[in-house]
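Asks: Structure incoming, see below.
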Amino acid sequence: MNNIRGYSWLIGGAQGTGIERGASIFTSALALWGYRVFGKREYYSNIMGEHSYYYVRFDEKPVRSHIERYHILAAYDVETVFRHNLEGLEGSAIIFNQLHRNTKLSTIHTIEERLAHDISARLKKPINDITLQDILDEAESLGIKIFPIDYNEILSKVSAKTKEPMVVLTRTNNVIAVSASLALMGYSLESLQDAIAYVFEKRKKVVELNMLVAEATYEQVKSKGYDNSFNIKLRKLNKNGKFLLVNGNQTVALGKLVAGCRFQTYYPITPASDESFFLEDNEIIDLQPTLDEYPLIQESKILDNSGSIVVFQTEDEIAAITAATGAALTGVRSSTSTSGPGLSLMVEGLGWAGINEVPVVIVHYQRGGPSTGLPTRTEQGDLRFVIHAGHGEFPRIVLASGDIEEAFYDTIRAFNYAERYQLPVILLLDKYIANSVVTLDGLDTKRIKIDRGFVMTEKELLRSKEIGEQYKRFKFTETGISPRVFAGTKYAVYWATGDEHDELGHITEDPVIRQKMMEKRMGKLSLIEKEIPIEERASYFKVDKPNLTIVSWGSTKGTIIDLMEVLDNEGYKIEFLQVRMVHPLPASFINSVLANKNWLVIENNYSAQLAGLIAEKTGLFPRYQIVKYNGRQISLDELYIAVKRVLEGKAPERQVLEGGA
C-alpha cells in the first residue's frame, strides 16, 4: 500500500524459540539509527511449539500502528511461510531456511485443519501433495522476491569457531533471521552488534555467540549477492536525542513508580503479569533501613533508598484485590493488575472497596473472553463489565488509555482521582497496548502533580478532639468527600465493614441513613463531572467541515490517527473523538460534538459497546459501525479499506474486520 508511510517487517517461528528477543534486536537496531518503530506481538497461549509472530512498522517519522502486510518476512520455521506468504507488499521479500523447501504441509501438525484446507483449495492441490516450494512459487508469482538462507552453513561456521554443538546454536536462528533482514537493507554489521549487546546486556558469552552468528549471516548474504537484489535501503538518520523503546506493561509500571505507588499485588495472568514482573525487577524490599542496621551507610543514602515499591504475589485474585485495599487503608498508594477472569474474581473485593470509599487502583488488561477465552489475544469486550462490575451501585472511575504513552500519564491520574474522590479507579487497557512496543521521545515527569485528597493529620485530629468533635470517617459533607485518615493515626477511630454503615462506620439498616449514604457516594459522580477538565476525559481531533467523524476509545487511537494522515493526503477531512474516561461518560461534551454529524464508531468488540453507551446517555446513534472480534487488533491497512468504503458511500451499516493470522 503505497499511501501508508514507512516499512513493515514480520518475523515468525515456533512459540518459545526467541521471536520476541529477535524483534527486540531488530527494533533496537532501528532505534539506534534514529528510526521510529511500532511493534505488535502475537503469540499462542502455550509455552512451546505453536506459531508466534511479530510485526514491526518503522519510518523516519513517528508511527502509531501496525499493518498486516510486510516488506520483509523473516521466517526461521516452515509454518510462518505457509501462514503469511500472501501478506507481502509490492517488491517485498521472503527470507527462509532453504532446508525447509521440500517440507510438506501435511507434516506441520500445528497448522489448523481449517487453514490447511484453505491452502489446498487456493492451490487446487491435495494437502498431502503441497510443499513449501508450492507456497514460495505462489508468492513469487505475485512479485515477492525469495531469498533462501542456508541456516546450517551459518551455524556450522560458528560451531567450528566456538566448539559449541549445533543443537545449542539452533537457539540463534532468530538472530539469523534478523541479521539477514538487516543485511538486505544495507544496515551495518557493527550497529547490529551494538543492538545485540544492548539486548543481551551482561550475558557476555551470549553476546559474543550471537555476534558471530550475525557476522556469518552477513557474509552469506553478501556472497549470494542478496544485498544488491533488494531495493529498500536504510540510512543512518541524523538524530541527536535518545528514544525510549517501551511497551505498555512497562509504561504503566513506570507510571506507578512516579505516582508514588508503594504496594503492588498480583496473581499471574496474561497479559497483565509482565507489568508486575517489571516492578519486581525494580523493587527495594528494605524500605526503611536504619543506621543501626547499616552503620556504614550515610543518613542521606538511607533517605534516598526509602520509598520504593513492594510487589506481592498473592495466592489468588481475591487476595490480590483485598491486600491492595488493605494497604490503601493504611495510606499507602496501592494497586493491583489483572486481566479477563482475574477481574471477575476480584468483583467482591471491588464492592468492599466501593462501600468503604477506599482509593485503590486496578489496572485491567482486556483479552478475548468469555471464560478463559483467548488468553493471549486482544479485545475490547470488557467496557460494560468494568463500568458495572459488582452487585449494587457504587461509584468508580474508569479510564481507557489510547496508547502506550498515554497509559503512563493515565496511571498517575488514576491514583490522584482515587485519593481525591475516595473511590476505586479502573484503568482499562488491553493486550495490544500491553505487549506492543513503540519509540517515544521520553516521558515528561515535569507534567506530574500528586494530589492525595482530603486527609486529616494527627494535629488536626487532636484539635478536633480538644473541641469535642468526634472523627467521622464517613461524614456527610456537601461534596460527598469525607475526611480520610491513614489506619493507625492517633485520635481517629472508625469501623470498616462490608455492611451499610453510619458516619462512624457502625453497621446500620436505618432507611434514612441508607438513603443518605447512597446519595453521598453516588453524588461523587456529579462532582467528578464538574471538576475534572474535559481535556482529561476526552480528546477531540477537530477539523473544519469534516467528511466524517470517527468515535472510538482505547487502543484503536494510534491506528485512527495514522489513518487520518493517510486520508488527509487523499483530500479527505476526518476528525476523531477519543473517549478517554468511559465512566462517568462525558455525555454532554459528546453530544455537543456529534449532534448533526455523520459519524461512525470503531471498536474491537462484537456489540460496539461504546456506541451503545453513547446511545444510552445521549440518544445519539452512529450511522456506521466498524468492529472486529477475532482476537487480533484492527490494522491500519484493513481500517483504511473499511473507512474508504464509508467515504465512497459503498459501506453497509456494520463492517466486521477479519485480518490477522
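Asks: Looking at ILE67, is it outside the structural domain of THR439 (by TED's automatic domain parsing), within 25 Å of GLY22 (Cα to Cα), without any contact (Cβ under 8 Å) to a residue 60 or more places away in the chain and touching a helix residue (DSSP H, G or I) at 6+ places or on another chain (Cβ under 9 Å)?
Replies: Criteria not met by ILE67.
Asks: Also, quick follow-up: If I filter the stretch 314-331 for residues that are touching a Pro at 6+ places or on another chain (Cβ under 8 Å), in a loop (DSSP other than H, G, I, E, B) and modelled with pLDDT of 95 or more, do I get at least one hit?
Replies: no
Asks: Can you list the helices (runs of 4 or more DSSP H) lying wholly within the stretch 530-620 that have 2 or more residues being closer than 19 Å to LEU657 by Cα and modelled with pLDDT of 95 or more?
Replies: On the way: elements: 557-569, 587-594, 609-618.
Hits in the stretch 530-620: 557-569, 609-618.
Asks: Now for a different question. If you go through the stretch 358-388 one residue at a time, how many are out of contact with any strand residue (DSSP E or B) (no Cβ under 8 Å at 6 or more places or on another chain) and over 28 Å from GLU658 (Cα atoms)?
Replies: Summing the residues that are out of contact with any strand residue (DSSP E or B) (no Cβ under 8 Å at 6 or more places or on another chain) and over 28 Å from GLU658 (Cα atoms) in the stretch 358-388 gives 2.
Asks: Look through the stretch 275-313, keep the residues that are among the charged types (D, E, K, R) and modelled with pLDDT of 85 or more, and return whichever of them is surrounded by the fewest Cβ atoms within 10 Å (Cβ to Cβ).
Replies: Of everything passing the filter in the stretch 275-313, ASP281 is surrounded by the fewest Cβ atoms within 10 Å (Cβ to Cβ).
Asks: Condition (residue is surrounded by 14 or more Cβ atoms within 10 Å (Cβ to Cβ), of a type outside the set (Gly, Ala, Ser), on the phi > 0 side of the Ramachandran plot and modelled with pLDDT of 95 or more) applied to the stretch 418-432: is it met by at least one residue? Please lay out each step first, then the result.
Replies: From the stretch 418-432, those surrounded by 14 or more Cβ atoms within 10 Å (Cβ to Cβ) are 418-432; that's our starting set.
Filter once more, so that each one left must be of a type outside the set (Gly, Ala, Ser): 419-432.
Still in the list and also on the phi > 0 side of the Ramachandran plot: 422.
Remaining after also requiring modelled with pLDDT of 95 or more: 422.
The answer is yes, given that some residue of the stretch 418-432 is surrounded by 14 or more Cβ atoms within 10 Å (Cβ to Cβ), of a type outside the set (Gly, Ala, Ser), on the phi > 0 side of the Ramachandran plot and modelled with pLDDT of 95 or more.
Asks: Among the residues of the stretch 316-338 satisfying the criterion of being out of contact with any helix residue (DSSP H, G or I) (no Cβ under 8 Å at 6 or more places or on another chain) and buried (at least 23 other Cβ atoms within 10 Å of the Cβ), which is farthest from THR270 (Cα to Cα)?
Replies: My answer is ALA327.
Asks: Hey, another quick one. Quick check on the stretch 98-120. Is at least one of its residues outside any helix (DSSP H, G or I), aliphatic (A, V, I, L, M), crowded, with 22+ Cβ neighbours inside 10 Å and assigned by TED's automatic domain parsing to the domain that holds VAL175?
Replies: Checked the stretch 98-120: no residue is outside any helix (DSSP H, G or I), aliphatic (A, V, I, L, M), crowded, with 22+ Cβ neighbours inside 10 Å and assigned by TED's automatic domain parsing to the domain that holds VAL175.
Asks: Also: Given the conditions (1) at pLDDT below 95; (2) aliphatic (A, V, I, L, M); (3) outside the structural domain of LEU329 (by TED's automatic domain parsing); (4) surrounded by 15 or more Cβ atoms within 10 Å (Cβ to Cβ), report the number of the one that LEU237 does not fulfil.
Replies: (4)
Here is a yes/no grid of residues against (1) under 28 Å from ILE111 (Cα atoms); (2) in contact (Cβ under 8 Å) with a residue 24 or more places away in the chain; (3) in contact with a Lys or Arg (Cβ under 7 Å, 6 or more places away or on another chain); (4) crowded, with 23+ Cβ neighbours inside 10 Å:
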{"position": "ARG5", "(1), (2), (3), (4)": "no, yes, yes, no"}
{"position": "LEU10", "(1), (2), (3), (4)": "yes, yes, no, yes"}
{"position": "GLY13", "(1), (2), (3), (4)": "yes, yes, no, yes"}
{"position": "ARG21", "(1), (2), (3), (4)": "yes, yes, no, no"}
{"position": "ALA31", "(1), (2), (3), (4)": "no, yes, no, no"}
{"position": "LYS40", "(1), (2), (3), (4)": "yes, yes, no, yes"}
{"position": "VAL63", "(1), (2), (3), (4)": "no, yes, yes, yes"}
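Asks: Just to be sure before I move on: is TYR629 over 25 Å from the mean Cα position of the chain (by Cα) and not basic (Lys, Arg) in the structure I sent?
Replies: No.
Asks: In the stretch 362-451, which helices (runs of 4 or more DSSP H) lie fully inside it and hold 2 or more residues that are assigned by TED's automatic domain parsing to the domain that holds THR330, farther than 25 Å from ALA611 by Cα and under 16 Å from the mean Cα position of the chain (by Cα)?
Replies: In the stretch 362-451, the matching helices (runs of 4 or more DSSP H) lie at 404-421.
Asks: From the list PHE82, PHE58, PHE38, PHE26, which one is farther than 17 Å from THR172 by Cβ, in the same structural domain as GLU140 (by TED's automatic domain parsing), assigned to a helix (DSSP H, G or I) and at pLDDT 95 or above?
Replies: Residue meeting the stated conditions: PHE82.
Asks: Another one. So the check is Cβ under 7 Å with 6+ separation or different chains; which pairs have a first residue in the stretch 604-615 that's closer than 16 Å to ILE634 by Cα and assigned by TED's automatic domain parsing to the domain that holds ARG632 and a second one that's assigned to a loop (DSSP other than H, G, I, E, B) and of a type in the set (Val, Ile, Thr)?
Replies: ASN604/THR378; ASN604/ILE634
The values are calculated or read from the model by the stated rules, or taken from the named source; none is laboratory data. These numbers were taken from a predicted model, which means no experiment stands behind them. In this analysis, Cβ positions are derived from the backbone assuming ideal geometry, glycine residues included, and neighbour counts consider all displayed protein chains.
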